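In what follows, a single structure is set out as structure tokens and then discussed.
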Amino acid sequence: MLKFIIEPYDVLFFGSGKPFNIGSNVVSIFPPFPHSFAAAIYAKFVSETGITIRNGKGIYKAVYGPFIEKSGVVYFPAPSDILQEKKKEESSKFKIADRCNQFSLINIEDTDLGSKIDSLLWSKPDNNDSSDYEPFRGFINLEGLKNWFNGGEITKEDLLTYNDIFEQDERVSIRIDHEKGTVQEEDGLYRVNFVQLKKDVKFVFWVELDFDNDSLLKTNNINNENDFVEIFMKKPMVLKLGGETKTARYTVKIDDFKNLFDGFKKGNEKNKKILFLTCGIFGSSNNQTIIERFSNFLTGVIDGYTIVGINSKYNNKYGLKTVRAIKPGSVVYLKNEAISNNNEAITFFNQNDSFIGSNLILIK
């Protein structure tokens, strides 16, 4: 497995699958989708080797990320059941929401989910703490994630807010009518909010390469990770990322993503709690809600939805696809039988083959 550390030279824009309407104000999503980074690395590979996808075979088995690295520390999307003290930007008090099914003012079956869930995630009253709490939105380091996983204490030092990671850089652009050589008469102006990473903030991304005997890499005499790294050591060591194909420098080395989670052991509880570290994609059925597409769903907190799009010019089987997905950081509880019986805490949940890297989960 290889680890890429990616540092942009400039602002970046990462679009979702929503259509871009000229004359509107568009905002970059964050964090970016995994396939955006997988495509950037693959594009560099193609430019250096001329080797493209053939017979439906690419270069990856799996990809992990993108995540954040700040001052050498890796951060992941924070679980959505982490709560912070309400209305305090510099809150030092955090807690984890619990499953509750007994309320004095709420009847779960009267909600729009009805009998589809058995509880809600809630902040239980504490006699020693009268503070009000609200969801925390941001990123968490590995030590904090261990504490969350093991029911320990979450501290301010474990967390990053979005304001700690990037600023939005708003720019006005003009749509040109190239036939006339003039500004478009209608909706000629539009605004784009780019992402500007703060000092010492980088992206980190892992790739697991496919070296099976009949793989694209093997059939082109790229036999191991050292051979692949040699390709990526050729200068300039840059990738083109996101909309407007902005450039970013990178470093690459052999490193196994799963080694980060050696201390995470799945428990023997009847039901499983899972955290989505990347976006969750579950097909495109018009007759089911996202929750209904889970097998044996109990409860959870989904950190919103996004539209994910993909367009591959190298392989017709991907074509142009757009689906709805849940955002990274979402937490759900499932009955035990809905989860794979392997012992890994880090795995993929019903991964969609078209959107590589989606549905990466941590199982508690």
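Can you tell me, using C-alpha contacts under 8 Å and at least 6 residues apart, the relative contact order of the chain as a whole percent?
Details: 724 pairs, mean separation 97.5, N = 364.
Dividing the mean separation by the residue count of the chain yields 27 percent.
Mind checking the range 1-101 for GluC sites (Glu not before Pro) that DSSP puts in a loop (not H, G, I, E or B) and that have at most 14 other Cβ atoms within 10 Å? Write down the numbers at each step before the final one.
Numbers: sites: GLU48, GLU69, GLU85, GLU89, GLU90; in loops: GLU89, GLU90.
The qualifying sites are GLU89, GLU90.
Using θ = phi - 60° and the Karplus relation 6.51 cos²θ - 1.76 cosθ + 1.60, list the HN-Hα couplings for the range 150-160 in order, rounded to whole Hz, with x at every Gly or Pro.
Along the range 150-160, the couplings run 9, x, x, 8, 9, 10, 4, 5, 7, 10, 10 Hz.
Just to verify a number: FRET efficiency for PHE261 and LYS335, C-beta to C-beta distance, R0 = 22 Å, to 0.05? Don't skip to the end; give the middle numbers.
Details: r = 23 Å, r/R0 = 1.05.
So, using R0 = 22 Å, E works out to roughly 0.45.
Hey, what do the phi angles of the range 138-144 turn into as Karplus ³J(HN,Hα) couplings, whole Hz, using 6.51/-1.76/1.60 and θ = phi - 60°, x for Gly and Pro?
My calculation for the range 138-144 gives x, 10, 9, 7, 5, 5, x Hz in order.
So what is the relative contact order of the range 13-113, in percent, for Cα pairs below 8 Å that sit 6 or more residues apart?
Details: 56 pairs, mean separation 14.5, N = 101.
Worked out over the range 13-113, it gives 14 percent.
What is the spin-label model distance, in nm, from ALA43 to GLN102 if the labels are put 7 Å beyond Cα along the C-beta direction?
My value for the distance between the label points is 5.7 nm.
Have a look at TYR64, PRO236, ILE174 and report the one farthest towards the positive end of the charge dipole of the chain, computed about the Cα centre with Cβ charges (Lys/Arg +1, Asp/Glu -1).
Of TYR64, PRO236, ILE174, it is PRO236.
Choose one answer from ASN25, ASN271, ASN55: the residue with the largest mean-square fluctuation in a GNM of the chain with alpha-carbon springs under 10 Å.
ASN55
Work through the residues other than LEU260 whose Cβ is under 13 Å from its Cβ and net out their charges, Lys, Arg +1 and Asp, Glu -1.
Numbers: positive: LYS3, LYS146, LYS258; negative: GLU69, GLU143, ASP255, ASP256, ASP262, GLU344.
Surrounding charge for LEU260 is -3.
Quick one: if the Förster radius is 41 Å, what FRET efficiency do VAL229 and THR155 give, using the C-beta to C-beta distance and rounding to 0.05?
On the way: r = 37 Å, r/R0 = 0.90.
Efficiency, rounded to the nearest 0.05: 0.65.
Calculate for the chain the 222 nm mean residue ellipticity that helices alone would give, adding -39,500 (n - 2.57) per DSSP H run of length 4 or more and normalising by residue count, nearest 500 deg cm²/dmol.
Details: 5 runs with 41 residues, N = 364.
Only helices count here, giving -3000 deg cm²/dmol.
Give the cross-link partners of LYS93 among the lysines, using a straight C-alpha distance below 20 Å as the criterion and excluding same-chain residues fewer than 8 apart.
In chain and number order, the partners are LYS124, LYS146, LYS156.
Expressed in nm to one decimal, what extension gain is obtained for the pair ASP212 and ASP129 from 0.36 nm per residue of sequence separation less their Cα-Cα distance?
Residue separation times 0.36 nm, minus the Cα-Cα distance, leaves 24.3 nm.
So how much slack lies between LYS93 and GLU143, counting 0.36 nm per residue of separation and subtracting their Cα-Cα distance, in nm? Present the calculation step by step, with values, prior to reporting the outcome.
Values: separation 50, 0.36 × 50 = 18.00 nm, distance 1.69 nm.
Taking 0.36 nm per residue and subtracting the Cα distance, the gain is 16.3 nm.
Throughout, read-outs are computed from the coordinates displayed, never taken from laboratory work. Please read these numbers as outputs of a predicted model, since none were measured by experiment. In this analysis, Cβ positions are derived from the backbone assuming ideal geometry, glycine residues included, and neighbour counts consider all displayed protein chains.
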